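This report concerns only the one structure given below.
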Amino acid sequence: MKLRPIRTRKIYEEIVNQIKELIGEGNLKPGDRLPSERELAERLHVSRASVREALSALAAMGVITIRPGEGTFVQAVKNGAIVEPLAIALLLDRQATLDLLEAREILETETAALAARRACPEEIERLEELIKEMETELEEGRLGEETDVRFHLAIAEAARNNVLCRLMYTVSDTIRQVLRSSRQRLYQTPGNAEKLYTQHKAIYQAIASRDVRGARRAMAEHLKFVARELKKE
């Protein structure tokens, strides 16, 4: 397996690209084990932190799987594609990720407002259950990206607008792929995990109390916060 020394400002992106090229060329196949983090850092002439960031992005894209105590392995990819193109752009390009958050703010603030007007008791109960799951995940130190996606999709369903709901489900897979990488970066700042939980709880409480303006405001504040934090990197 041939790897080139890294000479670029966005080091982790080049690492990701090299590993994807090796997979695309057939030099790395599904089930193959990657060299250790330390070995990759030495062979690429980069820091272990850069390697770790690249591996996290690849894992979020579904290109590799990281098995604690065993190593990092190439995953089998459907239809011979390495990863969905939009997800690649969002994971490798910070501006693309910020553009996604901006698009979500436009879409989800009004979706939350509609949910505050239209949610039935069962849908509000579902949101409450998801908030409890988030609380448990926070206490256990888990990322909780899947629960995060389910929470936002539940709001879309509670809005009772088929077009908005379909739009959310259309981008949900991309959001899911990006969330793990984004949350890992956000959680590096102490207190951010608690802030994200508090923001989601505020969205739920506004919807549950039929506070249309409050739901719109809480959703906007949440997505703006995430964008601000990611811009700091």
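The values are calculated or read from the model by the stated rules, or taken from the named source; none is laboratory data. Note that the structure is predicted; figures quoted are calculated from it, not measured. So basically every Cβ, Gly included, is an ideal-geometry build from the backbone, and we count neighbours across all protein chains shown. Remember, those area values only see protein heavy atoms, side chains included, never the ligands or the DNA or RNA. Shrake-Rupley method; radii C 1.70, N 1.55, O 1.52, S 1.80 Å.
Under the simplified labelling scheme, the Glu70-Ile106 pair shows an inter-label distance of 4.3 nm, with each label point 7 Å from Cα along Cα→Cβ. Ranking of Thr136, Thr109 by solvent-accessible surface, largest first: Thr136, Thr109 (1.4 Å probe, protein heavy atoms only, all chains present).
Approximating the spin labels as points 7 Å out from Cα along Cα→Cβ, the His45-to-Leu230 distance works out to 3.2 nm.
Highest first, please rank the peptides 41-52, 215-226 by the mean number of other Cβ atoms sitting within 10 Å of their residues.
Numbers: 41-52: 16.5, 215-226: 20.8.
The peptides rank, most packed first, as 215-226, 41-52.
Debye-formula intensities of segment 111-233, expressed as log10 I(q)/I(0) at q = 0.17, 0.20, 0.21 Å⁻¹, are -0.85, -1.17, -1.28 (one equal scatterer per alpha-carbon, no solvent).
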